[in-house]
């Protein structure tokens with residue numbers, strides 16, 4: 001009986017698998033530090049850090065949600081939390097950027113100053129200094145901290161700066177880049193953003 005219980009508890013700690021690791025990607029676990037490799041099973045409490053040429057893609061084992069961990073980022077995999085009697089998977093973003101594709105279940109991204117809660121959503125979260133920024137590609141994200149909550153819909157963005165109340169903002173639809181060519185003439189490059 002004790003052996004069966006031990007096996008069940010051991011399986012419960014497996015949370016995700018690395019499906020792609022490229023460049024400088026380190027895993028910090030109770031076993032020490034190792035280079036990330038495709039197929040590595042992540043456990044609750046593990047941390048991933050990517051270098052400037054590092055990139056990793058993980059898939060959660062429960063529902064198949066995908067998280068892309070971009071260069072110069074640090075994330076960890078804490079215990080699930082209970083919200084309204086449901087277990088919610090989450091990832092903690094210390095700094096950097098992740099892109100998440102969440103498949104039909106509740107999921108949270110925790111940053112040092114906010115929590116982004118989602119269900120069935122494709123979104124991007126950046127953590128730079130004391131600022132959390134969320135861009136929603138599809139679905140809806142609830143961005144909250146101790147001072148308030150906002151709902152961010154498809155094509156919208158929101159941010160938390162320090163402990164200030166979360167707010168929505170618009171990304172420019174068009175950007176203009178000014179530069180000098182090889183003859184030191186000022187040129188402009190105009191791009192439309194979809």
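Filtered by the rule that a residue be crowded, with 24+ Cβ neighbours inside 10 Å and either over 20 Å from residue 47 (Cβ atoms) or in contact (Cβ under 8 Å) with a residue 40 or more places away in the chain (or both), region 128-147 gives 134, 141, 143. If we scan region 9-24, do we find a residue that is assigned to a strand (DSSP E or B), under 20 Å from residue 125 (Cα atoms) and at pLDDT below 95? Yes - at least one qualifying residue is present in region 9-24. Taken together, the criteria exclude residue 93 from residues that are closer than 20 Å to residue 26 by Cβ, touching a strand residue (DSSP E or B) at 6+ places or on another chain (Cβ under 7 Å) and surrounded by fewer than 17 Cβ atoms within 10 Å (Cβ to Cβ).
So, residue 33, is that one at pLDDT below 80, assigned to a strand (DSSP E or B) and surrounded by fewer than 16 Cβ atoms within 10 Å (Cβ to Cβ) or not? Spelling it out, it is not the case that residue 33 is at pLDDT below 80, assigned to a strand (DSSP E or B) and surrounded by fewer than 16 Cβ atoms within 10 Å (Cβ to Cβ). If the condition is being surrounded by fewer than 23 Cβ atoms within 10 Å (Cβ to Cβ) and without any contact (Cβ under 8 Å) to a residue 40 or more places away in the chain, then region 101-110 contributes 101, 106, 108, 110. Test residue 49 against the criterion of being in contact with a helix residue (DSSP H, G or I) (Cβ under 8 Å, 6 or more places away or on another chain) and either more than 15 Å from residue 110 (Cα to Cα) or at pLDDT 95 or above (or both), and give yes or no. No, not satisfied. Only residues that are in a loop (DSSP other than H, G, I, E, B) and within 20 Å of residue 90 (Cα to Cα) were counted across region 37-66, and they come to 9.
The values are calculated or read from the model by the stated rules, or taken from the named source; none is laboratory data. Here the structure is a predicted model, which is why all the values come from computation and not from measurement. So basically every Cβ, Gly included, is an ideal-geometry build from the backbone, and we count neighbours across all protein chains shown.
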